[in-house]
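The next block holds one structure in the form of structure tokens; read it before the comments.
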Amino acid sequence: MKPFTYERAETLAQAAAAASKPGAKFLAGGTNLLDLMKLQIETPTHLIDIGRIGLDKIEPTPDGGLRIGALVRNTDLAADARVRTDYAILSRALLAGASGQLRNKATTSGNLLQRTRCPYFYDTNQPCNKRSPGSGCSAIAGFSRQLAVIGSSDACIATHPSDMAVAMMALDAVIETVKPDGKTRQIPISQFYRLPGKTPHLETTLEKNELITSVILPAPVGGIHVYHKVRDRASYAFALVSVGAILFKDGSGRIAVGGVAPRPWRNASAEKLIPIGAKEFASRLLEGARPTQENAFKLALVERTIEGILTENRS
Amino acid sequence: MENENGSGSITRREMLAGTAVAVTALAITSVTGLEAAPASPIVTPVESAGVSFNVNGKAVNLEMDTRTTLLDVLREHLHLTGTKKGCDHGQCGACTVLVNGRRINSCLSLALQHQDDSITTIEGIGTPENLHPMQSAFIKHDGFQCGYCTPGQICSAVAVLEEIKAGVPSHVSTELMGPMAFSNAEFRERMSGNLCRCGAYSNIAQAAAEVAGVTG
Amino acid sequence: MKFDKPAGINPIDQLKVIGKPTDRIEGPLKTTGTAKYAYEHNQEVTNPAYGYIVGSAIAKGMITRIDQSAAKAAPGVLAIVTAANAGPLQAGKFYVSRFLAGPQIDHYHQAVAVVVAETFEQARYAGSLLKIDYKKSKGSFDLDALKDSAQTPPPAQFGPPAQTMIGDFEGAFKTAQVKMDETYSTPDQAHAMMEPHATIAKWEGDKLTCWCSIQQMNWGVRDLAIILGIPKENIRLIASYIGGGFGGKGTVLADLVAASLAARVAGRPVKLALQRPLMFNNTIHRPKTIQRIRIGADPDGKITAIGHESWSGNLQGGRTEPATASTRILYAGANRLTRLKLAVLDLAEGNAMRAPGEAPGMMALEIAMDEMAEKLSMDPVAFRIKNDSQEDPEKPGRKFSTRKLVECLQTGAEKFGWNSRNAKPGSIKEGQWLIGMGVASAVRGAPVTKSAARVRLNSSGIITVETDMTDLGTGTYTIIAQTAAEMMGVGLDKVVVKLGDSSFPESAGSGGQWGAASSTSGVYAACVKLREAVANRLGLDADKAQFADGRVRAGDRSFALGDAAKNAELVAQDEMTYGELSKEYAQTTFGAHFVEVAVHAYTFEIRVRRMLAVCHAGRILNPKAARSQVIGAMTMGVGAALMEEMVVDKNIGFFVNHDLAGYEVPVHADIPYQEVILLEDIDPTMSPMKAKGIGELGLCGVASAVANAVYNATGIRVRDYPITLDKLLKNNV
Ligand SMILES: Cc1cc2nc3c(=O)[nH]c(=O)nc-3n(C[C@H](O)[C@H](O)[C@H](O)COP(=O)(O)OP(=O)(O)OC[C@H]3O[C@@H](n4cnc5c(N)ncnc54)[C@H](O)[C@@H]3O)c2cc1C
Ligand code: SF4
């Protein structure tokens, strides 16, 4: 771990302003950042601890939704009575992720911004375009079982590992931010994650130094909420494929898929096909997929997982 | 700033200088040591800091390298070696401690993040002469073999029973809103962040069931 | 004491302490975090520096240059050790690995340098500042590609001969009326013990003391002496508690060598632990195997031909994974063949992991038996029972000392409700889950070897046992205490056990399932001597003296045991050695595993729902500890069946998933309540303890029972472990 200076911000304004310091990075729960710093995948020289700047509340919004503070812990978000009742898909996704200990520490913003679990990204001896732009991608010709089948590029086939983000994608969440100069903005989650293209090191549309302050959930949409995370072991493992679904009585629905792409994967035109069936929906959703030999199974797996969900919840 | 790579052109010296200046100028609540740094263009790196918290009921004040994790402070500075380092990356749970009553992986937490926190380690749960009921139950049900993951398992198990009581849901809870009750499946899901390679899981579940007052 | 005739009645048979499900005597220490592991000896070493290993970034080639300038200048750095200043290093006797690379690199993450600094944080960071230039050369990483050119390995110390042939296998197989011929594979697996390899090394003059984490203290001293080129007498190793080993801490590995060298160069005690992401490619692992099994039988299910061939790879000079061992002894059949082949690979060293050879061998053999049973339209339990053999199938006339495989299978079938299994795969469904049951036999050799101990008696009647035996979670502290208590007629509260110090008498060490039976026998021998000494001191007839309730009685005379040590402590030392009984009898442990799984009909996620093991493994010294060994092994077997694989990147030449997030081992949620039945088995041919080992038996067969259950649930046969949902999807037609 590279040496760094540390400051504990006390207010949002202080934290936002401090971000303009060179080499600075926000420290939320630290469960992803410190992991990566130990391996020198992240090498900030100044850490701004934002754990105590008061962004740890969940509040109703005027239009019936919820504003989730960026620093709300994953455990608290999953356990919040309003979330459990009206946004069960989000509770379920959070509870399917990581472990009890990690969820106690992990925050909403940290979870959104956690980086890929591609094993080559994690080994600084190996070429990786995401970690060190231009060095090449070891995964494409290597071990890619976990990696992306769609939305990827010739430069990078990493997936985004968050479960929470899959649910937020299905819920049309909006991310609120502030810049060092105090300017704020809102970014719909559908526009939050970038696809890798030639620049896989650029993962979101956040600007350098931009601080996430909260995530807004629009007013509840009802329906049956399901989150099915498919993995080899029964718990404490990242998804091979995960499906977050909100199903309505009339047969329509919303479905976002995790574990298949550099961001939670959702597609409006595919969603129109949900009433027709899993096969039709999945083939539209995954149109243009470019799997590797090792992860091609994910295409069938997505379809079958959705088929299982539809069968169970429509009978 | 989601990507780090952009700052590659700044040299280390410039960064340190910049940091020191910024700290002084903004007068942000900072940690011991930083204020003393001279605001000259060339500075000695100030990469140590102070923190005070409470461990097992005792106040602790420490000055240390900013990089020190809570785990390493416990083990290497305070010599509380009951908390174990199994992976140092949040992947095994051997380092589990309770912070303000909640369990976390102490390896993925900087000591500096714990100003004013109240930390309980296995040494604070019970002693050989005065065992906590969970520790006694682990012994009775042989809920351990090599013993290395055991302090983490016990800290976690103690917290899990509280989480269930507090109605916190889990991945396997059938009803998210329903009252939570101890069951073998609930316990196992909630404990899955604590690996045991000796494979004492079945016995650990029996031990916890006994403490929870559930048989079978 | 030499053991060369079957044991008669002896004090152990009283079973006042032995055979009881005693809680572990070190339980209060382990559950409170007060048991000290290697890295934690802060009282003995108060001023350590911290060492950090930098592993090779390439799999094979040369180091051309190491630029240390930045690292040396980093704050806190005290020393840097590389091949250039380490002095000459030899290889140890057990592992072929070189523990410090240079100029040659033999495998990925082989240690290239050790950085020593005042703090852990400083050492870790300085490690990253070393600029190491390499010249890569082409390596071999793909066992499949090398299979056909693999060679017959030379004879090895442990494991079966490279080839065994009885009768005419090829002829009998050709003419068999029912036959199967399939190829299986088991992947590279990691021990993944919870405590990383760790050492604190301290030099005083030319004397070296290391607090470390190894299973065989005697091998450790021997190997460290050879590696460093110093006399054995100058080395003391201490490992009072070991955070798991499973064969992965047999003897000296990189941590011991690096810490010793670093402490010498830095002139300070050095503590060093292998960082978890380094362990997978730096240390040893269970190597991948490819196994071909052919079985031929009569239509009524009698095996007439059984052949097992296995291929594995290793570093030049490394051992073969002896996967054929069990096939030699498990089932009858007049015509038999086993064959081992070895290829040279440039991956980290393959070596012993819990039930080496037998565990992966049984992973294949017991699927093959399931496949054969299906071909014969026989119940898999009945097929196995039909082919039981009460004598060594390779040496007719040589009896098993005890063998209750049939009872294991029958008892298990009854307890598990085997008759509710539907032989037609894919026929039982609950909601979206397909349910299936599987069975496998278990077999594991029961070696017993020389082991010594010293016992002391003081005036308060306290017995202290000292032996360099280790307890890596095996329950050794407790069963040794039970042995001494039984022999000396005292309660467990009067026994102190000291283990894991190479200055104590040399024991068998922990490995090969020999630990429990051997180390307690050594304690038995020492206690026999102590009993004689007590009787002599008290003027009693040693043959008639009765040791019970903390007293010694002969005729109408009775003394408190401590009286014998009133004036001076009594000390006795002896070792147990063995004659030819293991040649005369086939000494083996047996068992049966039953597993029920649920497989998701849509996603093919696999979850284990029920597990039962029935074991026949000598006298059970402590049923609680023995049961734990078995459930632990069953857990590891679930991992082997469903998730564990160190994935080889054949371009780069390394195990890619080298941490505990990437290399998945079972978690709580994967493991249901596990049931274990221990059948009575008093084996007087083993030792006066009449005991065998059980810790490895528990693993043999588990994975195939899971595999067979998955097949029964789905009708999809996967022959390449681990059985993951993508393989089920692929083979789902
Ligand atoms: C072993 C293991 C298993 C896991 N399994 C899963 C899993 O199954 N599913 C899953 O979804 N996740 C999983 N995780 C990941 C876990 O969810 C993340 O580590 C966690 O959510 C990160 O949150 P944090 O608050 O600790 O983030 P930090 O580590 O503090 O921060 C992460 C990043 O976000 C930036 N950041 C944080 N807050 C802000 C902000 N407000 N504004 C701008 N930038 C910010 C930081 O600078 C940093 O770059 C696992 C992690 C581990 C270690
Ligand atoms: S897939 Fe992306 S993260 Fe993985 S090695 Fe390639 S570039 Fe790096």
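The values are calculated or read from the model by the stated rules, or taken from the named source; none is laboratory data. For clarity, every value in this text was computed on a predicted model and none was experimentally measured. Backbone-built Cβ (ideal geometry, glycine too); neighbour counts: all protein chains shown. Areas reflect the complete protein model, heavy atoms only, side chains present, ligands, DNA and RNA absent. Shrake-Rupley method; radii C 1.70, N 1.55, O 1.52, S 1.80 Å.
Some notes on this structure:
- For region A:186-238, the set of residues classified as hydrophobic (A, V, I, L, M, F, W, C), away from ligand 2 (no atom under 16 Å from the Cβ) and more than 30 Å from B:R188 (Cβ to Cβ) consists of A:I187, A:I189, A:F192, A:L206, A:L211, A:I212, A:V215, A:I216, A:L217, A:A219, A:V221, listed by residue number.
- Residue, farthest from the other protein chains (Cβ to nearest Cβ), within region B:73-97, restricted to residues that are in contact with a helix residue (DSSP H, G or I) (Cβ under 6 Å, 6 or more places away or on another chain) and within 21 Å of A:D49 (Cα to Cα): B:V73
- Those residues of region C:90-133 which are open to solvent by 60 Å² or more (accessible area, probe 1.4 Å) and not basic (K, R), in sequence order: C:Q90, C:P103, C:Q104, C:E118, C:D133
- All of (1) closer than 24 Å to B:Q206 by Cα; (2) within 14 Å of chain B (Cβ to nearest Cβ); (3) buried (at least 24 other Cβ atoms within 10 Å of the Cβ) hold for C:E644 with one exception: (1).
- Screening the candidates B:H79, B:H89 for the property of being within 16 Å of ligand 1 (Cβ to nearest atom), open to solvent by 10 Å² or more (accessible area, probe 1.4 Å) and not in a strand (DSSP E or B) yields one hit, B:H89.
- Picking from residues in region A:82-103 that are at the interface with chain B (Cβ under 7 Å from one of its Cβ atoms) and buried (at least 24 other Cβ atoms within 10 Å of the Cβ), the one that is farthest from ligand 1 (Cβ to nearest atom) is A:S91.
- Of the residues making up region C:141-173, those that are part of a helix (DSSP H, G or I), of a type outside the set (A, V, I, L, M, F, W, C) and in contact (Cβ under 8 Å) with a residue 12 or more places away in the chain are C:D144, C:K147, C:S149, C:E170, C:G171.
Okay, residues lined up against (1) in a loop (DSSP other than H, G, I, E, B); (2) under 21 Å from the mean Cα position of the chain (by Cα); (3) surrounded by fewer than 24 Cβ atoms within 10 Å (Cβ to Cβ); (4) not basic (K, R):
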{"site": "C:E675", "(1), (2), (3), (4)": "no, no, yes, yes"}
{"site": "C:E680", "(1), (2), (3), (4)": "yes, no, yes, yes"}
{"site": "C:P684", "(1), (2), (3), (4)": "yes, no, yes, yes"}
{"site": "C:M689", "(1), (2), (3), (4)": "yes, no, no, yes"}
{"site": "C:C700", "(1), (2), (3), (4)": "yes, yes, no, yes"}
{"site": "C:A707", "(1), (2), (3), (4)": "no, no, no, yes"}
{"site": "C:D726", "(1), (2), (3), (4)": "no, no, yes, yes"}
{"site": "C:L729", "(1), (2), (3), (4)": "no, no, yes, yes"}
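- Boolean, A:L211 is at pLDDT 95 or above, within 16 Å of ligand 1 (Cβ to nearest atom) and of a type in the set (A, V, I, L, M, F, W, C): yes
- Residue identified as within 16 Å of ligand 1 (Cβ to nearest atom), open to solvent by less than 20 Å² (accessible area, probe 1.4 Å) and modelled with pLDDT of 95 or more among C:V665, C:V595: C:V665
- In region A:157-177, the qualifying residues are those that are open to solvent by 10 Å² or more (accessible area, probe 1.4 Å) and in a strand (DSSP E or B), and the one that is nearest to A:L240 (Cα to Cα) is A:V174.
- Scan region C:12-24 for residues that are buried (at least 18 other Cβ atoms within 10 Å of the Cβ) and either in contact with a strand residue (DSSP E or B) (Cβ under 7 Å, 6 or more places away or on another chain) or within 9 Å of chain B (Cβ to nearest Cβ) (or both) and the total you get is 2.
- Cβ-Cβ contacts under 6 Å between residues 6 or more apart (or on different chains), taken from a first residue in region A:237-250 that is part of a loop (DSSP other than H, G, I, E, B) to a second residue that is open to solvent by 10 Å² or more (accessible area, probe 1.4 Å) and more than 14 Å from ligand 1 (Cβ to nearest atom), are listed as A:F248/A:G223.
- Which listed residue is buried (at least 24 other Cβ atoms within 10 Å of the Cβ), within 14 Å of another protein chain (Cβ to nearest Cβ) and assigned to a helix (DSSP H, G or I), from A:K279, A:K298: A:K298
- Considering residues of region A:119-146 that are open to solvent by 10 Å² or more (accessible area, probe 1.4 Å) and closer than 22 Å to A:V230 by Cα only, the residue farthest from ligand 1 (Cβ to nearest atom): A:F143
- A Cβ distance below 9 Å, combined with a sequence gap of six or more or placement on separate chains, defines the contacts here; from region A:99-120, residues that are closer than 20 Å to B:C107 by Cβ reach residues that are assigned to a helix (DSSP H, G or I) and within 16 Å of ligand 2 (Cβ to nearest atom) in the pairs A:R115/A:L36.
- Residues (part of a loop (DSSP other than H, G, I, E, B) and basic (K, R)) located in region C:202-259: C:K249
- Qualifying residue in region A:32-55 (condition: within 8 Å of chain B (Cβ to nearest Cβ) and of a type in the set (K, R)): yes
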